[in-house]
Each structure stands twice: as structure tokens, then as C-alpha cells.
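Novice: Structure incoming, see below.
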Amino acid sequence: DTAVSQTPKYLVTQMGNDKSIKCEQNLGHDTMYWYKQDSKKFLKIMFSYNNKELIINETVPNRFSPKSPDKAHLNLHINSLELGDSAVYFCASSTRTGTDGYTFGSGTRLTVV
Amino acid sequence: AQTVTQSQPEMSVQEAETVTLSCTYDTSENNYYLFWYKQPPSRQMILVIRQEAYKQQNATENRFSVNFQKAAKSFSLKISDSQLGDTAMYFCAFLRSSGTYKYIFGTGTRLKVLA
């Protein structure tokens with residue numbers, strides 16, 4: 001029944017590893033997002049896809065690569081993980097413009113050791 | 001560029017009392033949307049309330065209401081009859097209504113409701 005589901009909820013990994021986070025929404029939304037929440041709780045957009053097309057690509061290291069196989073799925077792959085990548089990553093979805101508000105997933109807490 | 005400021009990093013309120021969280025923003029846009037999101041300890045981000053800038057009437061959702069002052073660029077959230085379950089981080093967010101649609105979030109206010 002979960003509207004926006006992310007997996008895994010927790011991810012602990014060593015520096016230098018490659019990892020992926022998956023996101024799926026069953027709301028019929030056209031737009032999906034990845035946000036990063038740092039240790040001070042600050043939320044910053046990373047990427048946005050509208051109907052599988054990348055429309056927002058903020059200043060993010062190119063070790064981060066989003067992939068949207070269809071409009072219901074948006075995955076985030078991270079190469080060569082660094083200590084500074086430790087954060088909570090949120091997936092969200094919305095109508096095309098987001099003016100009705102976002103629906104967020106429950107977040108993935110990534111810890112790089 | 002738009003900015004969103006929440007000047008109260010932490011607040012506390014007694015159960016059943018009323019509390020107001022402040023948010024100010026800066027924009028040259030005339031049409032936009034404002035939101036309050038709640039993030040309880042469970043980490044889930046939950047939409048609390050939404051305001052369209054072209055509507056004069058302040059939005060209300062049960063115990064939550066806003067005081068939207070467009071000229072002052074102020075968007076405060078009032079929580080009435082505070083409950084223990086209202087304990088959470090509260091984020092104010094701005095969304096322009098044209099161009100690239102992305103939220104600009106404030107830095108959050110941590111609210112603790114005391115029994």
C-alpha cells in the first residue's frame with residue numbers, strides 16, 4: 001500500500017564501494033526526485049525526472065547517477081562511496097509541477113565507514 | 001534566487017497549548033506555492049499544509065493553520081491544541097509556479113511538545 005517505497009531503509013558500506021538505492025511510486029505521478037538530507041537536517045535536491053526525462057541535475061558529483069526505467073521508478077547509483085556521502089537520501093514523487101505537494105519515501109540512511 | 005529562512009532552530013510548547021513557527025522567504029516571483037512539511041522521529045516527511053500565493057485566504061487543516069503575509073513574504077504555521085505526536089522537525093518550502101519546479105527548503109525548526 002506504500003505510496004512511495006524506497007529500499008533499503010538502512011545501508012552501511014565501506015569507502016570505495018558502489019551501492020544503489022531503489023525507489024518506486026504507485027501514485028501515477030509523472031515526476032520523481034532525489035533529495036539529500038545532511039547531518040544538520042538540511043534538504044537539498046539532487047535530481048528530478050519527469051516521465052523518464054532528467055529535468056533537474058543539481059551540482060552533484062558524477063559518482064551519483066540516477067536512472068529512471070519508467071515513470072514509476074527512479075533509482076540512484078553511487079560509485080566509489082566516500083565518507084561525505086553519509087546522509088539520508090529521500091525519494092519523492094509529484095504531479096508534473098509539484099504544486100500539490102510531494103509524497104516522500106521513508107528515506108534511506110546511508111552510512112559510509 | 002529564492003531563499004527560505006526559518007529563524008527558530010528549536011521550540012517547545014506545552015501539550016494543549018498553541019505554538020507558531022515562523023518562515024520568511026525572498027522571491028521576485030508573483031505566483032508561487034508555500035508548504036509546511038513535518039518530519040517526526042520516524043524520518044518520514046509528511047505534508048502538513050499548502051498555500052497558493054495568489055489566494056488571499058489563509059490555508060487551514062484541522063489544528064494547523066497558516067498566516068500568509070505576501071507583502072511581508074512571511075508564512076508562519078500555527079499549531080493549536082498541541083499534541084505529543086506533533087513533536088517533529090518542521091520545514092517550510094517554497095515552489096515557484098513556472099520554470100524549473102523544485103522546492104527550496106528552509107533549515108527547519110525542531111518542535112518539542114511537552115507533557
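The values are calculated or read from the model by the stated rules, or taken from the named source; none is laboratory data. Given the structure is predicted, the values throughout are model-derived calculations rather than measurements. Glycine gets a Cβ as well: all are built from the backbone with ideal geometry, and neighbour counts include every protein chain shown. What goes into the accessible areas is simple: the full protein's heavy atoms, side chains included, and nothing from ligands, DNA or RNA. Shrake-Rupley method; radii C 1.70, N 1.55, O 1.52, S 1.80 Å.
Novice: Counting only other residues whose beta carbon sits under 9 Å from that of A:Lys52, what net charge do I get with K and R as +1, D and E as -1?
Specialist: Once all neighbours under 9 Å are counted, the net charge is -1.
Novice: Moving on to the next point. Report the charge-dipole magnitude of chain B in Debye, nearest 20, computed about the Cα centre from +1 at each Lys and Arg Cβ and -1 at each Asp and Glu Cβ.
Specialist: 280 debye
Novice: How much of the accessible area of chain A, probe 1.4 Å, is carbon plus sulfur, in whole percent?
Specialist: 48 percent
Novice: Find the sum over both chains of the accessible area lost when A and B are paired, probe 1.4 Å, and report it in Å² to the nearest 100.
Specialist: For A against B, buried area totals roughly 1900 Å².
Novice: For region B:19-68, take N as its residue count and report Rg(C-alpha) divided by 2.2 N^0.38 Å.
Specialist: Working it through for region B:19-68, the quotient is 1.25.
Novice: Taking every residue in B:101-114, how many Cβ atoms of other protein chains lie within 10 Å of its Cβ, on average?
Specialist: So the per-residue partner count for this stretch is 4.
Novice: Evaluate the Kirkwood expression for the hydrodynamic radius of chain B, namely the inverse of the mean inverse distance over all pairs of different C-alpha atoms, and round to one decimal in Å.
Specialist: Value: 14.2 Å, from the Cα pair sum.
Novice: OK, next. Compare the Cα positions of B:Gln57, B:Phe91, B:Leu47 along the charge dipole of region B:37-115 (+1 at Cβ of Lys, Arg; -1 at Cβ of Asp, Glu; about the Cα centre) and return the one farthest towards the positive end.
Specialist: Result: B:Phe91.
Novice: Follow-up question, since we're still on this one. With an 8 Å cut-off on Cα pairs and a minimum separation of 6 or more residues, tell me the relative contact order of region A:2-98 in percent.
Specialist: Normalised by residue count, the contact order of region A:2-98 is 37 percent.
Novice: Determine one quarter of the surface area of the Cα convex hull of the protein assembly as shown, which equals its mean projected area, and express it in nm² to one decimal.
Specialist: Result: 12.6 nm².
Novice: Continuing with the same structure: Do any chymotrypsin sites (Phe, Trp or Tyr not before Pro) in region B:1-59 lie in a DSSP loop with no more than 15 other beta carbon atoms within 10 Å, and if so, which?
Specialist: Counting only loop positions with at most 15 other Cβ atoms within 10 Å, the chymotrypsin sites (Phe, Trp or Tyr not before Pro) in region B:1-59 are B:Tyr54.
Novice: Quick one: Cα centre-to-centre distance for region B:63-115 and region A:1-42, in angstrom?
Specialist: 23 Å
Novice: Using the structure shown, list the pairs from A:Lys36/B:Lys112; A:Lys41/B:Lys70; A:Lys9/B:Lys78 with a Cα-Cα distance above 29 Å, or answer none.
Specialist: Beyond 29 Å: A:Lys9/B:Lys78.
Novice: Hey, another quick one. What net charge is computed for the residues neighbouring A:Arg109, neighbours being all others with C-beta under 9 Å from the C-beta of A:Arg109, Lys and Arg scored +1, Asp and Glu -1?
Specialist: My count for the surroundings of A:Arg109 gives +2.
Novice: Could you rank the peptides A:23-35, A:77-89 by their average count of other C-beta atoms within 10 Å per residue, with the highest value first?
Specialist: A:23-35, A:77-89
Novice: Right, next: Would you mind giving the three semi-axes, in whole Å and largest first, of the ellipsoid equivalent to chain A according to its Cα gyration tensor?
Specialist: So the equivalent ellipsoid measures 23, 14, 13 Å along its semi-axes.
Novice: Moving on. Only bridges with both residues in chain A count here: give the DSSP antiparallel percent, nearest 5.
Specialist: Beta bridges within chain A, antiparallel portion: roughly 90 percent.
Novice: In the neighborhood of B:Leu84, defined by Cβ-to-Cβ distances under 10 Å, what is the net charge if each Lys or Arg adds +1 and each Asp or Glu adds -1?
Specialist: My count for the surroundings of B:Leu84 gives -1.
Novice: Still on this structure, please answer the following. Roughly how many Å² is the accessible area per residue of the protein assembly as shown, as a whole number, for a 1.4 Å probe?
Specialist: So the protein assembly as shown comes to 48 Å² accessible per residue, rounded to a whole number.
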